[in-house]
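Nothing in this text is a laboratory measurement; each read-out follows from the coordinates by a stated rule. A quick note: this is a predicted structure, and the numbers were derived from the prediction, not measured. Note that each Cβ is placed from the backbone with ideal geometry, even for glycine, and that neighbours are counted across all protein chains shown.
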Amino acid sequence: MTLRLLLVRHGLSSFNKDFRIQGRNDLSTLTKEGQLQAIKAGKFLSELPITNVYSSPLQRAVETTKGILEQRTKKLKAIYTNDLLEIDLEPWSGLTKDEVKSKFPEEYLTWQKNPKELVIRRKNGDEFHPIKELMSQADKFLKKLLKDHPTTNDQNILIVGHNAILRCILLNLLGDPKQGFRRIQIDNASISIMNIKSNNTTPYQAQLECLNNTTHLDQKVPRKKQNTRLILVRHGETNWNLEGRFQGQIDIPLNNNGKQQALAAESFLKDIPIDKAFSSSMSRPQETGAIILNSHPDIKLELKNDLVEIGHGLWEGKLESEIKKEWPNLLKQWKESPETVQMPEGERIQDVSKRSIKCWEDICKKLTPEQTALVVAHDAVNKTILCHLLGLSEANIWMIKQSNGGITVLDIKQEENEMNIVTCLNITSHLGGVIDQTATGAL
């Protein structure tokens, strides 16, 4: 059973358009573009059953919620809660970013580099920590939500809020990774999906299925800025993915559905400039990459041995039911604490992480800020790279979903003290529908 949270940021507001700090004030409203974004998000979600709706009471969120719900044949009533209010930035509200930078230079620098440590003085002289207070607010919201909606039932919950509070909800569920606030992006009217399941060892297990999906809007992925961009793709489906067999380093090719997934990824990426392309040296990512590059015929696929899938050793070629008979305790350990497992005659997840992150960093060094590169690899490889970028450890690989044919967009820092940004994660809309429908496979 899965409790699925659908997190939507409000549409473009008047303050967004003017690059003004909004915070908790209620002075901005949706622009015409923002209203249209809300309608598009509503149409995108219209076929998905939703049991409950929660929204911030600030008018830009209320307008977005109404725009979304008006697209549904079965009417739903939203619950407006102060637990979804945006971050409190009282003295900054209404100012442009340049004005904040000029009037509060030290605080603004902290906000950009280490927002969790930001301290702001209110007009009455009181000091407060905006991000720390917002994380507590997110925790309060989630505790009530999980109490009211136990994970014993399949439910889709729509949550409409703001940039900072939605980030804090996601980061809370991911265990509050270090510097996490600056590692992710949440665009206007974007949709992020978090799955929450019951767990035998902890109250629940959270998994980020999708982050910052904007495919329902005018631009498939957020506009590239002055950063190097990497597009990370997991290979298409194989018969062993479909059967739930552990593939590891056995070189299983794509099946017909996997080829169709690669073609869908090609169509999705055909209008996005790609300057270089890299792939695991195994056949399934190579074939996926070659199909994607049909729309970029001048780009050659460079093979990387360090991007090959985790070596499962004696588990390779086996179904989970077969592994459970011979290694029941080790399989349980792999599901609960993957970082503690040495695969029988295979690799540890730390081994995969070390080689994949080094390879990823070597690729980044080859790119200029103007360039975009395609990287095609595997489930475990992609997960270890993403855990690294999100400030998580190898112990957290189950928190990240990577679907066959799924597309992730990463924007790379230009300065040492900046954070790499996970701009979008595991977009699967090109494969059909809002929710990932690809084979679960085995890892």
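If you stretched the chain out fully between T29 and E90, how much longer would it get, using 0.36 nm times the residue separation minus the C-alpha to C-alpha distance?
Taking T29 through E90 to full extension adds about 20.2 nm, to one decimal.
Can you tell me how much longer the chain between V119 and S102 gets when fully stretched, taken as 0.36 nm per residue apart minus their C-alpha distance, in nm with one decimal? All intermediate terms of the calculation are to be shown ahead of the outcome.
On the way: separation 17, 0.36 × 17 = 6.12 nm, distance 1.68 nm.
Length difference between fully extended and current span is 4.4 nm.
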Prolate/oblate/rounded call for the range 148-281, Cα gyration tensor, a/c under 1.5 rounded: oblate
Where trypsin sites (Lys or Arg not before Pro) in DSSP loops with at most 14 other Cβ within 10 Å are excluded, longest remaining stretch of the chain: 1-73
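Compute the projected area of the convex hull of the Cα atoms of the range 228-431, averaged over all viewing directions, and report it in nm² to one decimal place.
Details: hull surface 42.6 nm².
Computing the convex hull of the Cα atoms and averaging its projections yields 10.7 nm².
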Projected label distance in nm at S267 and E127, using a 7 Å step from Cα toward the beta-carbon: 5.7
40 Å tail of the calculated P(r), the chain, as % of Cα pairs: 18
Net +/- balance of residues flanking F128 in space, Cβ distance below 9 Å, scoring K and R +1, D and E -1: -2
Whichever lysines have a C-alpha closer than 17 Å to that of K123, once near sequence neighbours (fewer than 8 apart) are set aside: K103
Förster radius 45 Å - calculated FRET efficiency between D18 and K358, Cβ distance, rounded to 0.05: 0.55
GNM result for the chain, Cα springs below 10 Å: residue of S190, S93, S356 fluctuating most strongly: S93
Cα-projected label distance for D351 with T368, points at 7 Å along beta-carbon direction, nm: 4.0
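To the nearest 0.05, how large is the calculated FRET efficiency for S295 and S393 if R₀ is 30 Å and r is the Cβ-Cβ distance? Walk me through the numbers on the way to the answer.
Details: r = 37 Å, r/R0 = 1.22.
Computed FRET efficiency for S295 and S393 comes out at 0.25.
Rounded to the nearest 0.05, what FRET efficiency is calculated for R223 and K77 with R0 set to 41 Å and r the Cβ-Cβ distance?
Working: r = 35 Å, r/R0 = 0.86.
With a Förster radius of 41 Å, E is 0.70.
Determine the calculated [θ] at 222 nm for the chain from helices alone, applying -39500 (n - 2.57) to every DSSP H run no shorter than 4 residues and normalising by the residue count; nearest 500 deg cm²/dmol. Before the final figure, lay out each step's value.
Numbers: 14 runs with 149 residues, N = 443.
For the chain, the value works out to -10000 deg cm²/dmol.
Add +1 for every Lys or Arg and -1 for every Asp or Glu among the other residues with Cβ under 13 Å from the Cβ of M1, and state the total. Intermediate results must be reported in sequence, preceding the final value.
Working: positive: R4, K197; negative: D154.
Once positives and negatives cancel, what remains is +1.
Just round it to a whole percent: the fraction of Cα-Cα distances in the range 11-166 exceeding 21 Å. Display every interim value, and only then the final one.
On the way: 6210 of 12090 pairs.
Percent of Cα pairs beyond 21 Å in the range 11-166: 51.
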Potential extension, K66-L303 segment - 0.36 nm per residue separation minus Cα distance: 80.4 nm
Under the Debye formula (equal points on every Cα, no solvent term), log10 I(q)/I(0) of the range 162-225 at q = 0.26 Å⁻¹: -1.17
